[in-house]
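Take a look at the structure set out below.
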Amino acid sequence: MGFLGLGIWDFLGVFFLLCPHSPSGKKFRSKPQLARYLGNAVDLSCFDFRTGKMMPSKLQKNKQRLRNESLHPNKGKPDLNTALPIRQTASIFKQPVTKVTNHPDNKVRSDPQRLADQPRQLFWEKRLRGLSASDVGQEILRAMELPRGLQALGPVPDDVTLLSAVASALHVGSVPVTGQLSSAAEKNPAVWLNSSQPLCRAFVVTDDDIRKQEERVRRVRKKLEEALLAGDPAGSRGQDE
């Protein structure tokens, strides 16, 4: 068998296949031992110690990796160090570096109320149209009568939908319910609408309105008490108030 047509890698593979012991009497039991013995004279990155052969696939991958590194010599890892740089001037004393930023206080400002409030669809009150309350007998209860000062605005069709919108604003909203304060909302509510307020004209609740409502609640409670004492809980059904 001749070795004239073999390269350095083929010769190395044939040598370790035929001669497990080197002529000098050294015996290598692992690839790291062989690499330490040969040093930098031979590249063993593609050499398979178990079979004693060079692996062409590994050699091709190494060539591709070296080619990519040569095409991108300036590619490196991002510098995440936030320490101030040091002046690279020929001076025996350390010269400080001033860091200039657009925000000297370096504080992140956030509005918690803005994050808590979810965006709403324009004229979402229209989805409340046609909803009504009913009793255990599936009979629709009489709707409440709104005060005269509470008037609908925009595409709200009736007082029932407006009542549902006001009730939703009282239970879900976190701001006082005042109605649409801007007069421009009556001309073009799609542009000048305040989404945090129900679709009604601006109104003011006076002390007289509060006293009237308290009196109505007192009368209704009195009638309910009389009906419960009489043993007829359904007697209050159909009352106007």
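Would you say L228 is surrounded by 10 or more Cβ atoms within 10 Å (Cβ to Cβ), over 22 Å from R129 (Cβ atoms) and modelled with pLDDT of 85 or more?
Criteria met by L228.
Kindly indicate which of V204, V136, V191 is at pLDDT below 80 and β-branched (V, I, T).
One residue alone meets the criteria, V191.
Closer than 10 Å to L199 by Cβ, under 31 Å from the mean Cα position of the chain (by Cα) and in a loop (DSSP other than H, G, I, E, B) - does that describe any residue in region 162-171?
No, region 162-171 contains no residue that is closer than 10 Å to L199 by Cβ, under 31 Å from the mean Cα position of the chain (by Cα) and in a loop (DSSP other than H, G, I, E, B).
Filtering region 166-178 down to residues that are without any contact (Cβ under 8 Å) to a residue 12 or more places away in the chain and under 22 Å from Q213 (Cα atoms), which residue is surrounded by the fewest Cβ atoms within 10 Å (Cβ to Cβ)?
That would be H171.
Residue-wise test of (1) out of contact with any Cys (no Cβ under 8 Å at 6 or more places or on another chain); (2) more than 28 Å from T206 (Cβ to Cβ); (3) surrounded by 11 or more Cβ atoms within 10 Å (Cβ to Cβ).
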| residue | (1), (2), (3) |
| --- | --- |
| F123 | yes, yes, yes |
| K126 | yes, yes, yes |
| R129 | yes, yes, yes |
| Q138 | yes, yes, no |
| R142 | yes, no, yes |
| L146 | yes, no, yes |
| A152 | no, no, yes |
| V160 | yes, no, yes |
| S164 | yes, no, yes |
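Cβ contacts < 8 Å: first residue touching a residue at least 24 places away in the same chain (Cβ under 8 Å) and within 15 Å of V175 (Cα to Cα), restricted to region 189-202; second residue basic (K, R) and assigned to a loop (DSSP other than H, G, I, E, B), any location; separation 6+ or different chain. Result?
S195/R120
Out of V156, V177, I need the residue that is touching a helix residue (DSSP H, G or I) at 6+ places or on another chain (Cβ under 7 Å), assigned to a loop (DSSP other than H, G, I, E, B), modelled with pLDDT of 80 or more and aliphatic (A, V, I, L, M). Which one?
Unique residue meeting the criteria: V177.
If I filter region 123-146 down to residues being assigned to a loop (DSSP other than H, G, I, E, B) and among the basic types (K, R), which single residue comes out as nearest to Q180 (Cα to Cα)?
Among residues in region 123-146 that are assigned to a loop (DSSP other than H, G, I, E, B) and among the basic types (K, R), the one nearest to Q180 (Cα to Cα) is R129.
Quick check on region 179-188. Is at least one of its residues of a type in the set (A, V, I, L, M, F, W, C), in contact (Cβ under 8 Å) with a residue 12 or more places away in the chain and surrounded by 12 or more Cβ atoms within 10 Å (Cβ to Cβ)?
yes
The values are calculated or read from the model by the stated rules, or taken from the named source; none is laboratory data. Computed from a predicted structure; not experimentally measured. Note that we place each Cβ from the backbone using ideal geometry, even for glycine, and neighbour counts take in every protein chain shown.
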